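Below: the structure, in structure tokens.
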Amino acid sequence: MNLLSPPGTKLALMGNEAIARGAIEAGVKVVTGYPGTPSSEVIMTLHKFSKTLNIYVEWAINERVAFEVAYGASLTGLRAMVTMKAPGLNVASDPIISAAYSGTTGGLVILVADDPGPHTTQTEQDSRWYAKLAKLPMISPSSPQEAKEFTKLAFSISEELELPIFLRTSTRVNHSIGEVLLGEVETLSRFPLFRRNQQRFVRAGMAWNLERHVWLNNQLKKVEEVVGKYYLNKVYGDGKLCVVTEGAAFNYVYEVIKEHEVKAKIIKLGLLYPFPSKFLSKILPECDEVLIVEELDPYLEENIKNTLFDLGLKIKVYGKTTNHIPLEGELNTRIVKKALGLPVESPGKHVHVHPRPPPLCPGCPHRFTFVALKTAIFRSGLKLSEVPIIGDIGCSALSVYQPINMLWTEHSMGASVSMAMGLKIAEYDKPVVAVIGDSTFFHAGIQSLIEAVNKRVDLLILILDNNVVAMTGHQSTPAWDKSETGRILKPVLIEDIVRAIGPDELVIVDPYNLDETTRIMEELLLKPGVKVVIARHACALLEKRLGKPLKTYTVVDERCKGCKSCLISTGCPALYIEGGKAKIITEDCNGCGLCSKFCAYEAIRLLEVSG
Amino acid sequence: MKPLNILIASVGGQGGLTLARVLATSAVLQGLSVRTSESLGMAQRYGSVVGYIRIGEEIYSPIFEPGEADYLLGLELNETLRNLHYVKPSGKIIVADEYRPSYEMSMASPNITRNEVISEMLSINPNLLVIPARKIALKLGNPRALNMVILGVFVGLSGIPRIEYVEKAISEILTGISAEISVVAFREGLKFVTKNSLNL
Ligand code: SF4
Ligand code: SF4
């Protein structure tokens with residue numbers, strides 16, 4: 001797959017790769033964002049072409065910083081894009097809402113990926129409401145091909161309206177592979193230029209803000225006409241039943257209606273905000289009934305009802321509010337069939353198999369940290385049920401599963417330290433531990449630490465530093481000295497930040513030294529003040545990928561008594577029990593040796609060192 | 001051509017998604033329409049992973065429902081059993097003889113054995129082939145090529161996509177040594193079908 005193939009080439013592309021190609025075709029110059037499934041592959045794909053195409057493609061510390069960087073770049077007239085998952089938009093919302101008043105000059109595309117299901121997100125947030133809140137146009141593709149087209153068009157639409165634009169996707173578009181026909185790459189020879197215009201760009205003048213609000217509302221009135229040129233809204237088939245849909249849901253609707261030869265008109269909306277009422281006012285009067293098939297909230301439904309009211313039409317509307325479409329979870333053809341009153345296939349027999357939730361990886365340094373913490377809690381004479389472990393977003397949250405089973409909360413980026421602090425402010429009388437990963441600390445944990453230090457609470461804070469954004473597929477952090485595109489960076493070290501903030505204690509430890517880590521935690525757990533432990537060891541998968549010499553362990557069959565102690569203590573996925581004996585999957589073992597420490601029969605031995 | 005629905009059941013890290021990618025790419029090289037999707041869970045590795053692939057003339061939906069799979073390709077026995085309800089009554093199952101119980105499966109006592117998983121599957125759907133894929137891959141020096149052995153068996157049995165496109169897709173998606181081993185493993189899968197005159 002060569003993303004730079006000439007126009008007319010048909011490639012199998014994942015939605016996110018198609019978006020990357022769309023941005024290339026639009027001549028984008030600055031791309032930034034924060035990793036978040038299912039949005040991350042856009043930037044990861046573009047990294048490879050940064051040098052050849054002279055595009056700045058780098059991760060930012062968080063979504064709001066990313067947006068502001070992209071926004072600043074777009075004000076020079078260059079084209080810029082920023083990518084994030086839905087909760088990231090919450091973080092970026094403050095500057096985005098202000099940017100609507102100032103507008104942009106170069107095309108500025110905000111990619112936000114929603115996650116109906118949810119598959120990898122804390123909530124089923126519907127980011128379509130943000131378009132309405134921020135008063136910015138939003139478009140939404142249904143397939144990888146459209147993902148490419150819409151991305152490219154988004155830049156032109158943004159420039160024509162002088163407004164940032166949301167490109168809103170969902171998991172089944174971002175992470176779906178489909179055939180994509182490549183288009184022409186625009187060659188824009190633009191020079192960065194920023195003209196001073198205080199009325200427009202300074203949001204401190206209230207009279208100016210009122211003026212800009214009028215301007216913004218005027219721009220929004222033009223959106224339907226501007227977007228109309230590109231035919232993003234489409235109609236398929238004919239019939240008195242009208243099915244209104246958008247995004248991934250369109251695919252289910254189209255297939256069901258085609259397969260069952262339902263006499264219906266499919267109205268597929270590509271423009272979600274402002275709601276295309278002009279377009280719909282021509283179609284809706286021909287409908288006897290309207291079924292709305294959409295994922296997440298009844299956003300279309302609300303707007304369709306408003307439109308019908310304005311048109312004076314009394315047409316029955318079916319959708320989420322009539323329970324024809326569920327309010328939670330993602331859609332599929334089965335749900336669409338049911339909503340249309342069609343028969344559904346009966347699935348084969350479902351056999352119950354024990355679940356396999358994602359564990360910490362073999363050799364994960366976090367496993368050591370949690371084992372040490374558990375031991376330290378026991379040794380301090382405390383119970384696991386009385387020491388809240390306030391967790392954070394990232395791999396460390398996988399410690400919630402058996403048998404590590406440590407986490408009490410996982411909330412939102414950076415919330416661990418401040419929520420733990422809240423417990424202490426409320427005078428919770430047992431020790432409280434906050435656990436946060438390195439990238440999450442950079443993203444949103446720094447302010448929380450300042451708050452905790454400044455307010456003088458008693459808190460043990462563990463920063464689990466594996467030197468990478470691991471959960472989302474190994475992206476860079478501000479501690480790196482080189483970006484993914486090979487640019488030299490100045491590393492910002494966590495210990496320097498922590499030291500500057502000034503907690504009562506700061507210890508850096510390698511969790512692979514289990515005894516030392518346990519001793520330190522035991523020592524700090526009951527001490528007063530803010531105590532920070534940086535547990536530093538590189539992500540085991542990253543080390544393996546980088547070709548670090550590897551050790552592998554094996555179980556000596558004759559010695560193994562099948563006590564499962566190795567498994568219960570670690571939950572390492574390279575270990576399993578078969579025929580009453582422990583086994584190690586050689587190619588998965590990352591040689592950390594943790595399991596061997598828990599075998600009383602010395603059955604787990606070092607097998608080989610390779611690499 | 002009616003859309004062909006293929007489900008890949010695996011443990012994260014076994015290469016189920018690479019397998020999906022190779023199938024999708026080779027189908028597009030052959031001029032077909034394709035959609036894939038995945039249920040990845042929250043982590044990238046070691047959890048249950050399901051990949052959906054749909055190949056046909058004009059495909060829209062990237063997923064399909066239980067009872068709609070023409071083929072279930074299993075890279076691990078327990079994961080294949082878990083997803084058996086996806087298979088149509090006329091559907092077929094190709095599964096690697098790979099047994100990796102999860103933590104909870106290992107802790108369950110008695111824990112279900114390799115042979116029990118296989119016989120349970122056979123009792124539900126006899127259109128099942130168990131392939132010694134790990135052994136074949138190990139002979140090539142890399143147990144991770146197990147996914148490509150299963151791909152070879154699938155292509156050998158179904159004739160979809162055409163062999164030359166699959167090999168081209170492998171070398172486009174993978175690089176260097178892993179591409180070489182993958183092509184060889186794929187061919188070993190094909191050979192396994194002819195050598196044992198398999199049909200399903
Ligand atoms: S040494 Fe043991 S705990 Fe560590 S990765 Fe290997 S099997 Fe897992
Ligand atoms: S701890 Fe030792 S004896 Fe017990 S199951 Fe594991 S390898 Fe076997």
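For the reader, a short list of remarks on this structure follows.
- Taking all pairs of distinct alpha-carbon atoms in the range A:10-228, Kirkwood radius in angstrom: 17.1
- Diffusion coefficient, µm² s⁻¹, Stokes-Einstein with Kirkwood Rh over alpha-carbon pairs of the range A:234-339 at 20 °C and 1.002 mPa s: 158
- Taking amide H as placed 1.01 Å from N in the peptide plane, the amide H of A:Tyr273 sits under 5 Å from that of A:Met138, each at least 5 places away or on another chain.
- Average Cα contact separation per residue, the range B:4-195, under 8 Å, 6 or more apart, as relative contact order %: 21
- Under 5 Å, built H, 5+ apart or other chain: amide partners of B:Ala96: B:Gly74, B:Leu75, B:Glu76, B:Ile131
- Three principal axis extents of the protein assembly as shown based on alpha-carbon atoms, in descending order, are 79, 72, 51 Å.
- In the range A:549-610, the alpha-carbon atoms span a convex hull of 69 Å³ per residue.
- For the range A:234-339: accessible area per residue (Å², 1.4 Å): 41
- Crossing angle, helix A:63-74 versus chain A [Cα axis fit, 0-90 degrees, rounded to tens]: 50
- Crossing angle, helix A:206-228 versus chain A [Cα axis fit, 0-90 degrees, rounded to tens]: 70
- Check: chain A dipole with +1 on Lys, Arg Cβ and -1 on Asp, Glu Cβ, in debye: 400
- Compared with the rule-of-thumb size 2.2 N^0.38 Å for a compact globular protein, the range A:369-438 has a Cα radius of gyration ratio of 1.05.
- Normalised Debye scattering of the range B:19-72 at q = 0.24 Å⁻¹ gives log10 I(q)/I(0) of -0.98, counting only Cα atoms as equal scatterers and leaving out solvent.
- Counting only whole DSSP H helices of chain B, the ones at least 27 Å long by C-alpha along their axis and with mean Kyte-Doolittle hydropathy no lower than 0.0 are B:176-195.
- Virtual spin-label span in nm between A:Lys222 and A:Glu184, 7 Å along Cα→Cβ: 2.4
- Debye-sum result for the range A:492-611 in log10 I(q)/I(0), which assumes one identical scatterer on each alpha carbon, at q = 0.13, 0.14, 0.23 Å⁻¹: -0.66, -0.74, -1.24
- Accessible surface buried upon B-A contact (total; probe 1.4 Å; Å², nearest 100): 5600
- Nearby aspartates and glutamates by direct alpha-carbon distance to A:Lys338 (threshold 17 angstrom, same-chain neighbours under 8 apart not counted): A:Glu255, A:Glu259, A:Glu261, A:Glu289, A:Glu294, A:Glu295, A:Glu328, A:Glu330, B:Glu65, B:Glu68
- Taken one residue at a time, the phi angles of the range A:546-554 give Karplus couplings (6.51, -1.76, 1.60, θ = phi - 60°) of 7, x, 5, x, 10, 9, 9, 9, 9 Hz. Gly and Pro are set to x.
- Shielding by partners - mean other protein chain Cβ count within 10 Å, residues of B:54-62: 6
- The range A:345-390: Rg to Rh, with Rh as the Kirkwood radius over Cα pairs: 1.29
- Per residue, chain B exposes an accessible area of 35 Å² to a 1.4 Å probe, with every protein chain left in place.
- Accessible surface of chain A, 1.4 Å probe: 54 percent of it comes from carbon and sulfur atoms.
- Across the range B:102-200 the C-alpha pair distances fall into 5 Å bins from zero in the proportions 3, 12, 19, 17, 18, 13, 10, 6, 2, 0 percent.
- On Cα atoms only, tilt of A:299-311 relative to the major axis of chain A in degrees: 20
- In the range A:563-610, the GluC sites (Glu not before Pro) that fall in loop regions by DSSP, at most 11 other Cβ within 10 Å: A:Glu602
- Dmax and Rg, reported as Rg then Dmax, of chain B (C-alpha, Å): 15.7, 50
- Probe 1.4 Å, all protein chains present, accessible-area order of A:Glu261, A:Glu186, B:Glu164, largest first: A:Glu261, B:Glu164, A:Glu186
- Accessible-area rank, largest first, for A:Glu345, A:Glu255: A:Glu345, A:Glu255, with all protein chains present and a 1.4 angstrom probe.
- Projection of the Cα convex hull of the range A:94-167, averaged over all directions and equal to a quarter of that hull's surface, yields 5.2 nm².
- If both residues of a DSSP beta bridge must be in chain B, then about 55% of such bridges are antiparallel.
- Accessible area of chain B belonging to carbon and sulfur atoms, whole % at 1.4 Å probe: 53
- Mean sequence separation of contacting Cα pairs (under 8 Å, at least six apart), scaled by the length of the range A:10-228, corresponds to a relative contact order of 27 percent.
- Going by accessible surface with a 1.4 Å probe and the largest first, A:Lys531, A:Lys482, A:Lys85 read A:Lys482, A:Lys85, A:Lys531.
- Where N is the number of residues in the range A:79-127, Cα Rg divided by 2.2 N^0.38 Å: 1.27
- For the peptide A:572-584, the mean number of other protein chain Cβ atoms found within 10 angstrom of a residue's Cβ is 4.
- The range A:167-263: C-alpha pair distances exceeding 22 Å, %: 63
- Packing, taken as the mean count of other beta carbons within 10 Å per residue, orders the peptides A:405-417, A:72-84 from highest to lowest as A:72-84, A:405-417.
- Think of it as helices only: each DSSP H run of n ≥ 4 in chain A is worth -39500 (n - 2.57), and spread over all residues that comes to -10500 deg cm²/dmol at 222 nm.
- Our summary gives the range A:549-610 a relative contact order of 53 percent, counting only alpha carbon pairs under 8 angstrom and 6 or more residues apart.
- Rounded to whole Hz, the Karplus (6.51, -1.76, 1.60) HN-Hα couplings of the range A:385-391, x for glycine and proline: 7, 10, 10, x, 9, 8, x
- Shape class of the range A:37-107 from the Cα gyration tensor (axes a ≥ b ≥ c, square roots of the eigenvalues): oblate, since a/c reaches 1.5 or more and a/b does not exceed b/c.
- Across the range A:365-544, the convex hull enclosing all Cα atoms gives 107 Å³ per residue.
- Semi-axes of the equivalent ellipsoid for the range A:393-496, computed as √(5λ) from the eigenvalues of its C-alpha gyration tensor and ordered from largest down, come to 27, 18, 9 Å.
- Of all DSSP beta bridges in chain A, antiparallel share, percent nearest 5: 30
The values are calculated or read from the model by the stated rules, or taken from the named source; none is laboratory data. Quick caveat: nothing in here was measured; it's all calculated off a predicted structure. Positions of Cβ are backbone-derived with ideal geometry, glycine not excepted, and every protein chain shown enters the neighbour counts. When the accessible area is computed, the model is the full protein with side chains, heavy atoms only, and any ligands, DNA or RNA have been set aside. Shrake-Rupley method; radii C 1.70, N 1.55, O 1.52, S 1.80 Å.
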